[in-house]
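Here is the structure we will look at, set down as structure tokens.
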Amino acid sequence: MNGSAGSPSSGSQAVMGTGTVSSTSGVTGGTGSGSGSTTSGTLGGEAGSSSGASGGSASGVSGSSSGAINPDAGLPPGAVNMVPAGYTGMPYPPTRTPPGPIITIPGFVYGADYDTGGPGVAYCHSATGTGAACSNGIKLSDWCCSDCNAAGNDARCDAHNANACMGGLTTCPLFRPDDDNAGLSHMNLGEVDTYALAGPTWQFLPGSSGPTLDGPSVTVGTPIPQHANMTSEEDTYISYMNTGQWSKYTIEVLAAGTYSVGGFFGVPAGTQITLDFGNGVSTGTITLMGSPVTPQCMCIEAYHAWTPFANIGQVMFPAPGTYLMTFTLTTAQFNPLYFTFTKM
């Protein structure tokens, strides 16, 4: 099971990533293991392609794309639209008018805020699946809310089943409906999901270049706060991931430059991920350190030992604009709550 998730102000002491950013051709990218779409946009007038989750090249700071989503009018001059032509996914939530990205870099990218569009478009639970088959094997029955726990159920109670919680009543609605669900879990005080380290928390400070670790301190072993009577991306994470699983996020990059990547995860050692933005803009493969599991953490397993990670990798954007990020679990399994992008 994937444990609970914290909010941007609920991280703990940063752990420096010891993994390697393995592909640095083009801008920062190279090859990855995801199953993204083909990008028809250009950077600097030279066409680049994205096969799978990453690859291609980029050589300039201006360009255009025939993607379906136009860059936001608030982006600076020279902004590019690198959403692949023919991509039918849309930014989450779908209620925004006009439709467009609400995820920005620098900032936080929550795992649960992947695009709408369903299996085969916005996410895939398999490295080889296509279309509707991308939903095969996704676990939807591990959505546990505080009222389920109050009813005496264990950590893996199923709030999808109304009869499982408080005589048919649950105060914790699903974050996303089952037909648009990549396999999400609610942070769970019954697991218990706790901070693995003590220290400052992530904050996004006005006027800063990105998230910083200077918020309130937490104590190791403290349970991750749970929104008992609501659901948000702050306490929802992608769970039971498979090797090769991917999800897509339409984002706006507000300024060109190199960004340091961090995040808040419950992760066993040996997990590898890739964050790819098309046309060679990629972190390459990042190998994550394992979350520390100690008696003080009171964590049953590393998946529930929530740990903030800083400087796990880097990515360089040659231009501001609208990009499609493909997050791929290259190797193993883990529970991701959010990624942070801080301008260097």
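The values are calculated or read from the model by the stated rules, or taken from the named source; none is laboratory data. Here the structure is a predicted model, which is why all the values come from computation and not from measurement. When we count neighbours, we look across all protein chains shown, and the Cβ atoms used for this are built from the backbone with ideal geometry, even at glycine.
Values for this structure:
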| read-out | value |
| --- | --- |
| Count - residues of the range 304-317 that are surrounded by fewer than 24 Cβ atoms within 10 Å (Cβ to Cβ) and more than 19 Å from VAL218 (Cβ to Cβ) | 3 |
| Residues of the range 249-276 satisfying the condition of being assigned to a strand (DSSP E or B), of a type in the set (Gly, Ala, Ser) and over 19 Å from LEU197 (Cα atoms) | GLY257, SER260 |
| Of all residues in the range 80-116 being within 21 Å of PRO177 (Cα to Cα) and aromatic (Phe, Trp, Tyr), the one that is surrounded by the most Cβ atoms within 10 Å (Cβ to Cβ) | TYR114 |
| Residue satisfying all of: in the range 175-203; in a loop (DSSP other than H, G, I, E, B), touching a strand residue (DSSP E or B) at 6+ places or on another chain (Cβ under 8 Å) and closer than 30 Å to GLY120 by Cα; modelled with the lowest pLDDT among these | MET187 |
| Of all residues making up the range 204-226, the number that are at pLDDT below 85, assigned to a strand (DSSP E or B) and within 13 Å of ALA310 (Cβ to Cβ) | 0 |
| The listed residue being without any contact (Cβ under 8 Å) to a residue 60 or more places away in the chain, closer than 18 Å to THR331 by Cα and out of contact with any His (no Cβ under 9 Å at 6 or more places or on another chain), out of GLY263, GLY284, GLY290, GLY270 | GLY290 |
| Any hit, the range 153-166, residues being of a type in the set (A, V, I, L, M, F, W, C), surrounded by 19 or more Cβ atoms within 10 Å (Cβ to Cβ) and either at pLDDT 90 or above or within 20 Å of the chain's Cα centre (by Cα) (or both) | no |
| Those residues of the range 76-122 which are touching a Gly at 6+ places or on another chain (Cβ under 6 Å), aliphatic (A, V, I, L, M) and within 14 Å of THR322 (Cβ to Cβ), in sequence order | ALA79, VAL80, MET82, VAL83, ALA85 |
| Candidate set from the range 76-114 (those that are closer than 19 Å to TYR240 by Cα and either among the hydroxyl-bearing types (Ser, Thr, Tyr) or assigned to a loop (DSSP other than H, G, I, E, B) (or both)); member that is modelled with the lowest pLDDT | TYR110 |
